[in-house]
Structures are given as C-alpha cells and as structure tokens.
Amino acid sequence: MHTLDDLERGALAGATQVRLTHLGLGEFPRQLFELADTLELLDLSGNALSALPDDLHRFTRLRVLFASDNPFTRLPPVLGQCPALEMVGFKACAISEVPADSLPPALRWLILTGNHIRNLPAALGQRPRLQKLMLSCNELEELPDLSGCTQLELVRLAGNRFEAIPPSLFALPALCWLALAGNPLTAAAETHALQDAEASAWPMDALEPGELLGEGASGRIHRARHRHSGQPVALKLFKAAQTSDGTPASELAAGLRAGSHPQLLTPLARVDGRADAGLATALPLLPDSFVALAGPPDLDSCTRDVYPAGFHLSPAQAEHLLAQVHAAVTHLHARGVVHGDLYAHNLLWDLHGGDVVLSDFGAATLTEGLPPAQVALLQAMEWRAFAHLQAELRACTRPGATLATA
C-alpha cells in the first residue's frame, strides 16, 4: 500500500503498480499522470471517489484497475477508452448503470459484485477476450446475449433476481464455473435444504469454541469441541452478508444438501443460536496434514490455479487424486448439487496419506426443480472444470515423484 506522500515526493516514479487504498480520496490524484507511461496496475479501493478523469486513457499501459468500495453510481465511460485495460473491479460500490462505452475492448475480467445493477448493455456480449464475469448480488433479471464470449469460463450470478437460467450461458463452449444460488430459480431448493436440517441442528451452547483456525471471505473457522460427546469439530461462523460467490445461506444449504462423502468436506450439522443471529455450521476437523493442493488464480492466470514451484506428483498419485475427485463430483450431482468452483485450490490434500477432500460450497447451485435438460448441461459444465483439473495434475506428473517432493 502506498500513500499520497509517496506520490507527491516522487517516490513512485517509474512504478508499474500503485495502491492508494482507504485514504479517504474524494478526487483522482492528478499526480498519478506522471506515471502514465509505466503504470499497469492501479488500486483505489476504499476511498470516496464517484468519478474518474476524462483523460484516464493517457495510462496507455494500464491493465488492471480496482476501485471497489467507492460511491460510484455508474461504471465510468472513460474505461472504454483505455486501450490495454483488461481487468476492472468495482465491487461494493453503488453502481446502477453500466454504459456500453464503459467496457474496455480488451476486457478479460469484470467484477461488479454487490452493486444495484438491473441491466447490462449488449456490448458486454461483444468482448471476445472476456474470461471471468462476476455479477453476484445485484438486481439482474436477465443478461444480454453472451454467446459471442467464446472464452468466457467463469460466471458468478448468485444473489440476483433470475427466474430462469439465461439461455445464452448454455451456448458458451468454455464455461466451467457458474454460480446461480440465491436467485428465485433456486430459492425453493435452498429453503428445503435448510428446513430439512432444522431437526438435526446443534445448539450453539452445545459447542465449546477454541482457537481461530482460519478466516476467509465468508466466515471465520474455529476449533471447537462438542460439550456432551467431546467430539472435536471445526466451527464456521459466517460473517459476510455476501461474497463474490453468493450468500452464506446458499452456501450452507448446498453443503447440507450434499450430505456425507469421504471426499467431501460438508457440514456435520447446522448450528443455531448465535448471539448475533448469524449462520453457523459444524464441520469435520481435518488433521493438520491437509493442505490446499494449489493457490487460487492470480491476476495473470485469471481462471487457472497457481501451483507451488516444484510441485510434482507421480502418475499413480495424480490418478488417485483424480479418481477421488471424480467420485466426489458424481456424488454431488446425484444429490442435486453442482459445486460451481471445482478447482485445485478447493481441494484439501493429505500430505501423509495422499487422499483429497473437496471443500467450499460458496458457489454451489442446487438443481432441484430445474428442467432435466438444463441440469444435464450444468453438470456438463462441471465436467469441463474436471477436465482442466485433470490436465493440470497430469502435467505435474514426474516418474518417481513422491509426496515429499510436492
């Protein structure tokens, strides 16, 4: 993170990345134009900006712009004049208008989660490089025709007002990761899943919370112990009203509907009675030997996970992992769940035993009540994601590799 003082005294001369976040900025700092020939990433999140300068296109090398948590009411049209801009992030602003000329021609990744958008321009479907489209938690009822976005692989539409799945999504040949929960089209299935779990819910006072094990976008996970049985568990306390993938209620509903499987990390029970009335769930407590198989996509990889340097598997290990993931996905589909985020970074791998479990149901969709033909197409998208995982793991194989070399 940088400061205005860094900018004003010339300490950022020649910089390719600048982050001026949570500084209370009400206007775009004109001093940034001194970096017009070098700047590639600019992060202005968490300020008080509602407009960008009309000459922003002077940043001819600007590839990534983040301006989340600012009071913009429309996506600035000047973005469309930025020749190299490919990643645009305006999450949790107050945007209700997306002008057609606000979409850069090189657009690859668009984040408009948590706004008030009801309509999107037809021009969105005319961005052939678009790979990642994040629109959860808006007020959308329909999408423009996206069938021209032939490279689009990840779409997040959770928490909107869709009564039906936008038909052009089924025409996208590369789409693998789709989130649809929290819409009218899934509401009945989610309600049923949550209601079915009420009778077996655990009261919060039956658990003795312990140390914080981790924290993510949707919640905090604590070590805990059941006071009566002594069973150790992981207690997840959902914290955010929404995430880039959807809502806590949808995530909990999907996890409960998924049920038990040796290759899935799903709830043991929902937990009721939090003092703040928030949602909670008890999960199996995995040994410390379980680690994420990969890191999530970065700004360059966009839709592809990032594996550790030197990561290798033996061919037998790769096929063992893939067989376990295949079994988990088959189980989910039979239970009416499409995971929506089938990635290596959501696979927890046992470094000692070599087994794997699939976690994180934040982007999952319940298919109960959807037309069978559409369910089949949603499942086919998920198998495309599996094919990517298969290719990645097989590309990491080396004869004679062992767990210790991973």
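The values are calculated or read from the model by the stated rules, or taken from the named source; none is laboratory data. For clarity, every value in this text was computed on a predicted model and none was experimentally measured. Neighbour counts are summed over all protein chains in view; Cβ atoms, including those assigned to glycine, are modelled from backbone coordinates with ideal geometry.
Just the residues that are of a type in the set (Asp, Glu) and either in contact with a strand residue (DSSP E or B) (Cβ under 9 Å, 6 or more places away or on another chain) or within 14 Å of residue 347 (Cβ to Cβ) (or both), please, taken from the stretch 280-298. Correct list: 298 only. When the residues of the stretch 238-267 are filtered to those that are among the charged types (D, E, K, R) and under 17 Å from the mean Cα position of the chain (by Cα), the one that is farthest from residue 204 (Cα to Cα) is 245.
On inspection, residue 197 qualifies as in contact with a Leu (Cβ under 9 Å, 6 or more places away or on another chain) and farther than 26 Å from residue 91 by Cβ.
Within the stretch 223-233, being in a strand (DSSP E or B) and either at positive phi or surrounded by fewer than 20 Cβ atoms within 10 Å (Cβ to Cβ) (or both) holds for 223, 225, 226, 232. Comparison of 248, 262 shows that the only residue that is in contact (Cβ under 8 Å) with a residue 12 or more places away in the chain and farther than 18 Å from residue 336 by Cα is 248.
Counting only strands (runs of 3 or more DSSP E) that sit completely within the stretch 268-335, those holding 1 or more residues that are farther than 26 Å from residue 196 by Cα correspond to 290-292. Condition test on residue 191, is it closer than 23 Å to residue 334 by Cα, among the β-branched types (Val, Ile, Thr) and surrounded by fewer than 18 Cβ atoms within 10 Å (Cβ to Cβ)? Yes; evaluated as a whole, the condition is true for this residue. In this structure, residue 105 does satisfy being at pLDDT 95 or above, part of a loop (DSSP other than H, G, I, E, B) and touching a helix residue (DSSP H, G or I) at 6+ places or on another chain (Cβ under 9 Å).
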